[in-house]
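Okay, so here's the structure we're looking at.
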């Protein structure tokens, strides 16, 4: 039997708070499975735009939803000390009554470094920090007291009290594309998130996603882990596909990526206000830009896909 399909929305935190509350309430009511925020110091594409912090906003918006899963896609190790991230995650898990999906990525946006005064890490250091960050978060959320001595991070008898509501911990969504980070995902992830292949054609992106899925299976096998334990997730909007030009196009897009192993589809909703960066790049049809499309997909396309019709 094919795995259960899941559908989420990525929102941008560049709107007034009241507008974001209304948006999240609507997504909750329409039956979407998950809703996500980014985690950057500013919008990396439009740094002068309004932009709220991801984790404090996530905690606030959690109180205005009841059912939908929530998370950051993904939490930036540039901005988040891993022990503090684990404490934030535990807190939001309680605030949301156990609905947190904990996303973590190796980050790398230059403005997150320069605007916060942190050193710019080279690729080897960034990957090593990512591994240590994930290990610390995983341990802290699973046990009451943790001591960890790594090259880049240390904790000494760090106490997690109370523990998270979700046991053994909130699910980890790890963003990974290279071999080393994907091996980290194979060990720790409950869900692996990909963007496809940036700058490639639709077919090339699809092929790259299939190959990475197969690689993840191989890395799991080398660890003795069942690869079916890891959900395969795609943040959509970075390929030339245009799933929102029609319901047929949406069905075709989901079907193509489902055939190569993707189970969770997360789409950008830029909202009726639009977004200058994406609009300037002609992204209409790639992202949801109006409420009518949002509702039509949620009410018609997604139920049909889940029923197999």
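Nothing in this text is a laboratory measurement; each read-out follows from the coordinates by a stated rule. The model shown is predicted, which means the values in this text are computed figures rather than measured ones. Neighbour counts run over all protein chains shown; Cβ positions are idealised from the backbone, glycine included.
Counting only Cα atoms, I'd like the Rg/Rh figure for region 117-163, Kirkwood definition for Rh.
1.06
Can you give me the convex hull volume of the Cα atoms of region 1-124, divided per residue and expressed in Å³?
Convex hull of Cα atoms, per residue: 134 Å³.
Taking R0 as 30 Å, what's the FRET efficiency between residue 143 and residue 180 from their Cβ-Cβ distance, rounded to 0.05?
In this case the efficiency is close to 0.70.
Over all Cα pairs of region 45-103, how is the pair count split among 5 Å bins, expressed in % and running from 0 up to the last occupied bin?
Calculated P(r), rounded to whole percents: 4, 18, 29, 23, 13, 10, 3.
Suppose the chain between residue 49 and residue 221 were pulled fully straight at 0.36 nm per residue; how much longer would it get relative to their current alpha carbon spacing?
Result: 57.4 nm gained on full extension.
Just to be sure I understand the model, the point goes 7 Å from the Cα along the line to the Cβ. What's the resulting residue 304 to residue 211 distance in nm?
Distance between the two pseudo-spin positions: 3.4 nm.
Just want to confirm a number: the relative contact order over region 54-181, from Cα pairs under 8 angstrom separated by 6+ residues, in percent.
29
Can you figure out the FRET efficiency of residue 259 with residue 29, using R₀ = 35 Å and their beta-carbon distance, to the nearest 0.05?
So the FRET efficiency works out to roughly 0.65.
Using only DSSP helix segments of four residues or longer, with each worth -39500 (n - 2.57), what per-residue ellipticity at 222 nm results for the chain after dividing by its residue count and rounding to 500?
Per the formula, -12000 deg cm²/dmol.
Given Cα positions, please report Rg to Rh for region 166-232, the hydrodynamic radius being the Kirkwood one.
Rounded to two decimals, Rg/Rh equals 1.00.
Which whole-number percent is the relative contact order of the chain (Cα, under 8 Å, 6+ apart)?
16
Computed from the coordinates I sent, percent of Cα pairs over 36 Å apart equals one of (i) 13; (ii) 33; (iii) 17. Tell me the label.
Matching entry in (i) 13; (ii) 33; (iii) 17: (i).
Post the alpha-carbon centroid distance, region 1-71 to region 75-143, in whole angstrom.
Between the Cα centre of region 1-71 and that of region 75-143, the gap is 18 Å.
Between residue 201 and residue 123, take the C-beta separation as r, use R0 = 25 Å, and let me know the FRET efficiency to the nearest 0.05.
0.45
Of the beta bridges DSSP finds with both residues in region 6-307, what % are antiparallel, to the nearest 5?
10
Treat each spin label as a single point 7 Å out from the Cα along the C-beta direction, and report the residue 22 to residue 152 distance in nm.
Computed distance between label sites residue 22 and residue 152 equals 4.1 nm.
I need the peptides 39-52, 176-189 ranked by packing, meaning the mean over residues of other C-beta atoms within 10 angstrom, with the highest value on top.
So the order, starting with the most tightly packed, is 176-189, 39-52.
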